[in-house]
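Scroll down for the structure; my scribbles are underneath it.
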Amino acid sequence: MSSSSRQKPQRAAEVVLEALCIAIFDGKLAEGDPLPPERVLAETHGVSRIIVRQAVHTLVDAGLVEARQGGASRVLDVAAADARALELLFRYGSRLRGGGARLRADLVEYRHLYVVMTLDAAHRKATDDERRALLVLVEECPVQPSDARARQLEADFWRHVTSMGRNQIMRMEMALWERWADPNAPLEGKSDELRWFYQVLAKQLLAHQDPVPYYLATIRPTFAAASR
């Protein structure tokens, strides 16, 4: 028995789910295409057909695949999928290639729009103590942080800002982002520049200045590229 066939069922189903999601998001399995037969998927990934069925059911629940009784399950239009597919995109978006470039760009744009909303909510609702605490959080980070320390600052900063906004839906979404964040993803800029960027945002919030214009002006090239 192969090592993959001895995996725990949840992990084994995750392997199949990842492969199918990436194939769908990348366009290798396009709208209307049938999924490979259960037997083929089971042999390819060294799992049982029951495990394959679990992964396919997740795709059906997410609105990415239509199950047909007595026939092959077929891929649906990704653009027509609802928010249930979003978690899968958060999960695997950083691994998309080729035909998934458009979805990757959309995910970048979506993330920037989400940040705009969180900054706006924090600007309107945060207490002065919360604003001061945010600046302290940034200034406790070394001026020349390592990449690992800059990643930690980034995660702590946005978690704190989201909490300041007092919007439960935004906090749920932040938890989802954090759950599926790729720890090996490259930083968007140099670590010292990121630290400086977050310090400016924190100072603007402390001064009760709207940080959104500065944020948008700073990330505009990336934002514009994602919008094309």
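None of the figures in this text is laboratory data; all of them are computed from the coordinates on show. A quick note: this is a predicted structure, and the numbers were derived from the prediction, not measured. As a convention, Cβ positions derive from the backbone with ideal geometry for all residues, glycine included, and neighbour counts pool all protein chains shown.
Taking the charge dipole of segment 4-80 about its Cα centre, with +1 at Lys and Arg Cβ atoms and -1 at Asp and Glu Cβ atoms, the residue from V52, L17, G27 reaching farthest to the positive side is V52. A cut-off of 5 Å between modelled amide H atoms, ignoring neighbours fewer than 5 places along the same chain, links V65 with V60, L76. Solvent-free Debye calculation, one equal scatterer per alpha-carbon of segment 143-228: log10 I(q)/I(0) at 0.17, 0.18, 0.19, 0.26 Å⁻¹ equals -0.86, -0.97, -1.09, -1.41. Two tests apply to each whole DSSP H helix in the chain, Cα reach of 15 Å or more along its axis and mean Kyte-Doolittle hydropathy of at least -1.0, and the ones passing both are 9-25, 49-61, 101-125, 128-139, 147-164, 168-180, 191-206, 212-227.
Just to confirm a number: summing +1 for Lys and Arg and -1 for Asp and Glu over residues other than R95 whose beta-carbon lies under 12 angstrom from that of R95, what do you get? If you can, show how the numbers build up before the last one.
Numbers: positive: R91, R97, R104; negative: E18, D26, D182.
Combined, the nearby Lys, Arg, Asp and Glu give 0.
What does the helix-only formula give at 222 nm for the chain: each DSSP H stretch with n ≥ 4 adding -39500 (n - 2.57), the total divided by the residues, and the result rounded to the nearest 500 deg cm²/dmol? Don't skip to the end; give the middle numbers.
On the way: 10 runs with 145 residues, N = 228.
Mean residue ellipticity, 222 nm, calculated: -20500 deg cm²/dmol.
Sum up the charges of everything whose Cβ sits under 11 Å from the Cβ of G32, counting Lys and Arg as +1 and Asp and Glu as -1, but leave G32 out. That works out to -3.
Using C-alpha pairs under 8 Å with a sequence gap of at least 6, the mean separation divided by the residue count of segment 4-80 gives a relative contact order of 36 percent.
Here the peptides 190-202, 172-184 are ranked by packing, the mean other Cβ count within 10 Å, and the order with the highest first is 190-202, 172-184.
Taking all Cα pairs closer than 8 Å and separated by 6 or more residues, the relative contact order of the chain comes to 20 percent. Going through [x] 19.7, 62; [y] 17.0, 49; [z] 20.9, 64, the figure that equals Rg and Dmax of the Cα atoms in Å as computed for the structure here is [z].
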